[in-house]
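We did not get these values from a lab; they are worked out from the coordinates using the rules stated. Keep in mind the model is a prediction, meaning the values are calculated, not measured. Neighbour counts are summed over all protein chains in view; Cβ atoms, including those assigned to glycine, are modelled from backbone coordinates with ideal geometry.
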């Protein structure tokens, strides 16, 4: 059960995980007061900044980052000289999720040290994050607005820099124990990320941060607006995290290492909107490229990178959705539906519809 901390700002920042909170006990189906830690080795984060009232903040994490059972949620306000906002944290067994919504009032510089391996998904929905390492155990990391990165650092010891402006982020830290629970002892399925973990070497998902796709944004929205309570809340939230993780790794598998520029992104969204509004279009890829002001390669690569599908697969999906709606209308024949969405041959439409839905258009009217 979500509960806002009662003390001002982050209570007892140096001992945050010793704060008593309402925790969802998903094994017994009850809610009770527990501590946000378990016995074992303590992992420590130290942050220093001239903009902190305390100058130095120490956070002790429980071994493995997670709870013995269940999961917990906490919301608290941050009021520093250069930063004001609200942070939500979700703590699972081996997973820490942090959602930040705040305003950086002037450039914020933080020296940070994590004395434990750091495997993190970071989505900068708005804002900008820069990290400069002090040692070779981590590597420089820049994540601009609308971008995401997935990375592993054996140790974090460096400087974080945030420029002024609104910062809206979604961050997920996985313990190595959790990764092995999900993927087993062999992490080779994670390719370069898995090799980095096995060799304890710093590694990024891609050389540069990748664009956050509309599907990723939707999953993050679904996570933050979970409609369930109790045991199903934990199941739902964890499933969304794994879905998000899969999409990040999939971008690497598909080779989207080069980000799409802001200018090209606007053109690609224009083409997507054009196809949505004109499903009957019979334009070739070259004609769509000219319409967008892009070459064929940029249109194909950029569209797939942003929308996780090809141009013509998206057009087919739009056509089929429109056809499905029209088939529910009385007095409209299957041939008329086919012609209205750009098919010259109704039989070709019927075959495409069955490939999409697994049944014939005529079955809609049964």
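Of note:
- Per residue, the convex hull volume that the Cα atoms of region 174-214 enclose (Å³): 98
- Remark: region 208-366 is approximated by an ellipsoid whose semi-axes, taken from the C-alpha gyration tensor as √(5λ), come to 31, 25, 12 Å, largest first.
- Going from the fewest other Cβ atoms within 10 Å to the most, the residues 193, 150, 247 appear in the order 247, 193, 150.
- Using alpha carbons only: equivalent-ellipsoid semi-axes of region 85-159, gyration tensor based, whole Å: 20, 17, 12
- Volume per residue of the C-alpha convex hull in region 111-154, rounded to whole Å³: 68
- Tail beyond 17 Å, pair distance distribution of region 184-235 (Cα, percent): 61
- Hull shadow area, averaged, region 150-199 [alpha-carbon convex hull, nm²]: 4.8
- Translational diffusion coefficient (Stokes-Einstein; Kirkwood radius from C-alpha pairs) of region 131-243 at 4 °C, 1.567 mPa s, in µm²/s: 81
- Per-selection metrics, region 288-338 (Cα): Rg and Dmax in Å: 15.0, 43
- Percent of C-alpha pairs per 5 Å bin in region 65-205, short distances first: 2, 10, 17, 21, 21, 17, 8, 4, 1, 0.
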